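Reviewing the structure listed below.
The values are calculated or read from the model by the stated rules, or taken from the named source; none is laboratory data. No experiment lies behind these values; they were computed from the predicted model shown. Cβ sites come from the backbone with ideal geometry, for glycine too, and all protein chains shown count toward neighbours.
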Amino acid sequence: MRPRRRTRWTLATALAVLALLGTGCGAARGSAGLDAAASPPIIVDASRLTLPLDRYLLSPADTVLVARAYRVLLNECARRFGLTPPPEPPAAPEPRTWDERRYGITDLALAATAGYRLSPQPPPVNTRPTAPDDPRALEVLTGRGRRVIAGRTVPPDGCTGETKRHLNDGVLDDVDPYLAQRLGQQSYLRSEADPRVRAVLRSWSDCMRGRGHHYPTPLAAAADPRFRRGPVSSSEIATARDDIACKRQTNLVGVWSAAEADLQRADIAAHRPALERLRRSNDAQLRVVHDLHLTAHRGSHP
């Protein structure tokens, strides 16, 4: 069976993903689950929050693992043609689940030092001088150009194509790789119109106003331009703490996630065969990645 091309990779995309990831969609939710809940659970800490569609997405940790496997394979192929792969970029913070900050921050300890950021420290800046581009790199990575380089035949679609074929071995042809992601995006947007969500957002906004902040939603607070650049300020920390306090007072995360979970369960029922094919394909890719991981540690890890 010919593997389906699951990602529209270009040379720029491949390199950007590798640089960004260092290689980015039924755990407990606080003390209550979201499946078939008659009333919204009380959720104080969203660090383990998951939604029904998450079972059809690679986890954040698995996504990083796939990206690292991609790097290993791509680098191995590039070396065959005498190319020197770029240095390993620094690891970036990754969420514990895709939904950890879906409705805004909930980690009070982190907010006390980082405000709305993932870390109190700014992300590292790459000051390493950039080496001149090897004129062979584009031909080797894309397969567009000479068919033989350094005495070796360039694989179809270059090293990028070879790497994708290897990673997608066993992936089904009739899979829509973006189905769960699209449905998750749609359920979030639809949930904003749910009466339960609109009511809890009003309550949260009223709570924040009582503390001197004027935001319609938690994501509007997180997107405040004052909190996007520069060092974390005392004002940002105070706002973040109040944000979390108002979430806890109104149970915003519990109410919103329960409303969205209802929408996602209906979507799963409507798209179950396609989603199950996607889940099986994700499992097949992870089996390939785990096999590669063992091989890489036997001597070919970059």
ask   = Is it fair to say ASP157 is touching a Ser or Thr at 6+ places or on another chain (Cβ under 8 Å) and over 16 Å from VAL288 (Cβ atoms)?
value = yes
Checked region 141-166 for anything part of a helix (DSSP H, G or I), out of contact with any Gly (no Cβ under 6 Å at 6 or more places or on another chain) and among the hydrophobic types (A, V, I, L, M, F, W, C); matches are CYS159
Taking first residues from region 194-210 that are farther than 10 Å from LYS247 by Cα and of a type in the set (A, V, I, L, M) and second residues anywhere that are at pLDDT 95 or above and assigned to a helix (DSSP H, G or I), the pairs with Cβ under 6 Å that are 6 or more apart or on different chains are VAL197/SER191; VAL197/TRP256; VAL197/ALA259
Does ALA27 satisfy being part of a loop (DSSP other than H, G, I, E, B) and either at pLDDT 90 or above or exposed (fewer than 15 other Cβ atoms within 10 Å of the Cβ) (or both)? yes
In region 225-241, residues that are acidic (Asp, Glu) and either touching a strand residue (DSSP E or B) at 6+ places or on another chain (Cβ under 6 Å) or within 20 Å of ARG102 (Cβ to Cβ) (or both) total 0
Scanning region 212-247 residue by residue, those buried (at least 18 other Cβ atoms within 10 Å of the Cβ) and of a type in the set (Asp, Glu) turn out to be GLU236, ASP242, ASP243
Based on this model, can you work out whether ASP54 counts as modelled with pLDDT of 95 or more and either more than 22 Å from the chain's Cα centre (by Cα) or part of a helix (DSSP H, G or I) (or both)?
yes
Q.
So for region 86-96 (the condition being more than 22 Å from LEU292 (Cβ to Cβ), of a type in the set (Lys, Arg) and either exposed (fewer than 15 other Cβ atoms within 10 Å of the Cβ) or at pLDDT below 85 (or both)), does at least one residue qualify?
A. no
Residues of region 182-211 being under 18 Å from ARG248 (Cβ atoms), touching an Asp or Glu at 6+ places or on another chain (Cβ under 8 Å) and surrounded by fewer than 17 Cβ atoms within 10 Å (Cβ to Cβ), in sequence order, are ARG211
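Listed here are the residues, each with its yes/no results for (1) buried (at least 18 other Cβ atoms within 10 Å of the Cβ); (2) basic (Lys, Arg); (3) within 21 Å of TYR188 (Cβ to Cβ).
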site	(1), (2), (3)
ALA259	yes, no, yes
ARG272	no, yes, yes
LEU278	yes, no, yes
SER281	yes, no, no
Residue set LEU74, LEU49; condition more than 23 Å from ALA111 (Cβ to Cβ), over 14 Å from the mean Cα position of the chain (by Cα) and crowded, with 20+ Cβ neighbours inside 10 Å; output residue LEU74
task: Evaluate region 276-295: report whether one residue or more is of a type in the set (A, V, I, L, M, F, W, C), out of contact with any helix residue (DSSP H, G or I) (no Cβ under 7 Å at 6 or more places or on another chain) and more than 19 Å from ALA109 (Cβ to Cβ).
output: yes
